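Throughout, read-outs are computed from the coordinates displayed, never taken from laboratory work. These numbers come from a predicted model, not from an experiment. Cβ: placed from backbone, ideal geometry, glycine included. Neighbour counts: every protein chain shown.
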Amino acid sequence: MTRITEPWLTERASQAVCAMLTEAGHQAWFVGGCVRNALIGAPVSDLDISTDARPDRVMALADDAGFKSVPTGIDHGTVTIVAQGSVFEVTTFRKDVETDGRRAIVAFADRMEDDAHRRDFTMNALYAGPDGVVVDPLGGLPDLAARRVRFIDDPHDRIREDYLRILRFFRFHAWYGDADGGLDANGLAACAELAEGVDTLSRERIGHEMRRLLAAPDPAPSVAAMVRAGILARVLPGASDPALGVLVHVEQQAGLVPDAMRRLAILGGEDVVTRLRLSRDEAKRRKTLIDGVADGQDAGELGYRQGADTALDILALRSALAGHEIDPVSAQDARFGAGQTCPVTASDLMPGLSGPALGRRLAGLESRWIASGFTLSRADLLGS
């Protein structure tokens, strides 16, 4: 018998929401990511509960228990319950009736087995009762132990229900799969065969999945598989992945946290901002990194002008493209530059100069100061 004993399971709020359902004669099962992550020791952020109680019944029980209920996805059976400051997504067992590859028409069900079969991967179809005992209706435990991301039943059927599952397959492998074991062959073949379905997805959904994929500790094997399956070319035409694995190694050696925009910068591609629906800040940061790779500023100046974090990102990109790790001296120079303040300000040049002439003179002095390794003093500069 497999049992989870995570603190979130035994907290009063978790037990109270489960009791709200079970004491009224209904089932209550924690499901999906919270169970999966508890079993592998990964952080748990969302608490999802499956039940045979219908949404209106869930809301009525929540109100009787003094909990706040919000019909966040009531058409699909989901009610958000806020109990004692904790948030739970309570969803009625469901089964798919009809789908067009982007959205499904679902019917409520009474059995866990029906609910399990409509999920995507076996490792996401694991249920745990309020006592922590895990129920595995579809063989997800062996797959989780082997770090094998496997579609439930026929992968073609699961993908046709929602083509976003193609991207989820690669994303889940990046986060939970065995890098040495490779991707599940049947799942990969189905993704390649049904690749055209990605074209039907909204750019918002694609962008959301790609961000999460590229934020994984090492997305390079998954992205390489996307290339082989013809998926990356559909998502990001013109993108190239050979330097991505090198970048991940450089990041790890430098102690940089995984970052989707840094990795997008090295992948390249056409019309990335529009295709992935990047925010204004994301697009600006990506452009800063790409420009920084090309503009030739040394590490000290990068640190001074961009700050230490962005400077190190740019150094990581430059190093990956050159095929080597970040030079420790360059990293030190970037950090040093980030802490410097130019000793000359505009007020030092006024009222003798103003307007464009003031700007040019100030920029010239700043450049001299940077070129000196930040050593020239205010008197040195003003006396020149």
query: Once phi is turned into θ = phi - 60°, what whole-Hz ³J(HN,Hα) does the Karplus curve with 6.51, -1.76 and 1.60 give for every residue of region 29-43, x standing for Gly and Pro?
result: 9, 5, 8, x, x, 5, 6, 4, 5, 4, 6, 10, x, 9, x
- prompt: In what order do Glu209, Glu6 fall by count of nearby beta-carbon atoms within 10 Å, going from fewest to most?
  reply: Glu6, Glu209
- prompt: Sorted from fewest to most neighbouring beta carbons within 10 Å, what does the list Trp175, Trp369 look like?
  reply: Trp175, Trp369
- request: Round to the nearest 10 and give me the degree value, 0 to 90, for the angle of helix 55-65's Cα axis relative to the longest principal axis of the chain.
  value: 80 degrees
- line: When Thr274, Thr91 are ranked with the fewest other C-beta atoms within 10 Å first, the list becomes Thr274, Thr91
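Assuming a ≥ b ≥ c are the square roots of the Cα gyration tensor eigenvalues, decide whether region 176-273 counts as rounded (a/c under 1.5), prolate (otherwise, with a/b larger than b/c) or oblate. Walk me through the numbers on the way to the answer.
On the way: a/c = 1.90, a/b = 1.26, b/c = 1.51.
Since a/c reaches 1.5 but b/c is at least a/b, the shape of region 176-273 is classed as oblate.
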GNM flexibility winner over the chain from Pro43, Pro55, Pro237 (Cα, springs under 10 Å): Pro43
field: C-alpha center-to-center spacing [region 280-310, region 238-261] in angstrom
entry: 16 Å
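What value, in deg cm²/dmol to 500, does the helix sum -39500 (n - 2.57) over DSSP H runs of n ≥ 4 give at 222 nm once divided by the residues of the chain?
On the way: 21 runs with 196 residues, N = 384.
Result for the chain: -14500 deg cm²/dmol, rounded to the nearest 500.
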Highest-fluctuation residue, Leu353, Leu61, Leu213 considered, GNM on the chain with Cα pairs under 10 Å: Leu353
query: What per residue convex hull volume, in Å³, comes out for region 343-384 when only alpha-carbon positions are used?
result: 57 Å³
task: Rounded to whole Å and sorted largest first, list the principal axis extents of the Cα atoms in the chain.
output: 86, 49, 37
message: Explain nothing, just the number: relative contact order of region 343-384, from Cα pairs under 8 Å at least 6 residues apart, as a whole percent.
response: 44 percent
- prompt: If you take the Cα Rg of region 1-145 and divide it by 2.2 N^0.38 Å, with N the number of residues, what do you get?
  reply: 0.99
task: State the percent of C-alpha pairs, over all pairs in region 259-310, separated by a distance greater than 16 angstrom.
output: 40 percent
message: Under 22 Å between alpha carbons, and skipping anything fewer than 8 positions from Lys68 in its own chain: which lysines qualify?
response: none
